Amino acid sequence: MISPAELDRIVGLYPVLGQLSPSLREAVRLDLISVNAPVGHLLFDLDSACSLFLLPASGAVRVVKPAVSGREILLYRVLPGDSCVLTVSCLLGHATYPARGIVEHEISGVALSQALFNRLVGESSAFRTFVFRYFAGRVAELMELVEEVAFGPMDQRLANYLVERGPVVRATHQLIADEIGTVREVVSRRLKQLEAGGLVRLERGQVVVVDAVRLQRMAGSLRDSSH
């Protein structure tokens, strides 16, 4: 259970909670538990049970899909004010997680129990709208990701990644590989080729975009279709 002051802080990030009836809002206050987790903490993993609905107030969670080979692809991030589509799917379907959630920036927030989450979905039209709005948005994003990975050449995906995050991309080659759906060795080789061509400069732990115009041309149709 959290204090009324803490509940007000969460309502500031999740206004839908302020639209609940007095009885439901009090049920939320009594049900909510505080959640704090450090960087690198595994919030959920493949096939793990789902029993809480996280409402982060600060920090970020990377949701990734790991493969048997050890590679991972970033599905999306959960930020303050967001809803995790996989958590919603698992709670509604009484299923286990099909992906992994890792704390990227120290998390602080609260969580609802599965029982109260289901009650809110059933009794509050505002809460249902909140949940399914994010659900629909995330599904659309995931469809775009599938299209990029399946149909976008890797060089285009890499160029698109660098343009969107430039001019200074603070990420290891492994992280870049994870986020564009390939392996570190391929990313390192392509980045060295881009550096030789004068498009980027490689520094320890980061990539500096030198020629954004040429990178944009390389990204080509992938950037056009993703905006």
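Taken together, the values in this text are just the output of simple stated rules run on the coordinates, not laboratory data. The structure presented is a predicted model; accordingly, all values stated were derived computationally and were not measured. Ideal geometry is used to build each Cβ from the backbone, glycine not excepted, and the neighbour counts take in all protein chains shown.
Find how much the distance from L42 to L13 grows on full extension, using 0.36 nm per residue of separation minus their present alpha carbon separation; answer in nm with one decimal.
Details: separation 29, 0.36 × 29 = 10.44 nm, distance 2.36 nm.
Result: 8.1 nm gained on full extension.
Here the chain is treated with +1 on each Lys and Arg Cβ and -1 on each Asp and Glu Cβ, and its dipole about the Cα centre works out to around 380 debye. Helix 184-196 versus the longest principal axis of the chain: what angle, 0 to 90°, nearest 10, using Cα atoms? Roughly 50 degrees, rounded to the nearest 10. Seen against the Cα atoms of the chain and their longest principal axis, helix 212-225 is set at about 50 degrees.
With each label modelled as a point 7 angstrom along the Cα→C-beta vector, the A49-E123 pair spans 2.4 nm. Label-to-label distance for H105 and E203 is 2.0 nm, based on points extended 7 Å past Cα in the beta-carbon direction. Quick one: helix 125-151 against the long Cα principal axis of the chain, what's the angle to the nearest 10°, folded into 0 to 90? For helix 125-151, the angle is close to 20 degrees.
Projecting the Cα atoms of L52, L75, A27 onto the charge dipole of the chain (Cβ charges, centred on the Cα centre) puts L75 farthest toward the positive pole. If you take the charge dipole of the chain about its Cα centre, with +1 on Lys and Arg Cβ and -1 on Asp and Glu Cβ, which of A159, L116, A196 is farthest toward its positive end? Sorting the options by dipole projection puts first A196. For the pair D211 and E144, a Förster radius of 22 Å applied to the C-beta separation gives a FRET efficiency near 0.25, rounded to the nearest 0.05.
Checking (i) 20; (ii) 32; (iii) 26 against percent of Cα pairs over 31 Å apart calculated from these atoms, the matching label is (ii). Packing here is the average count of other Cβ atoms within 10 Å per residue, and on that basis the peptides 21-29, 51-59, highest first, run 51-59, 21-29.
Modelled spin-label separation between R189 and A136, with each label point placed 7 Å from Cα along the Cα-to-Cβ direction: 4.4 nm.
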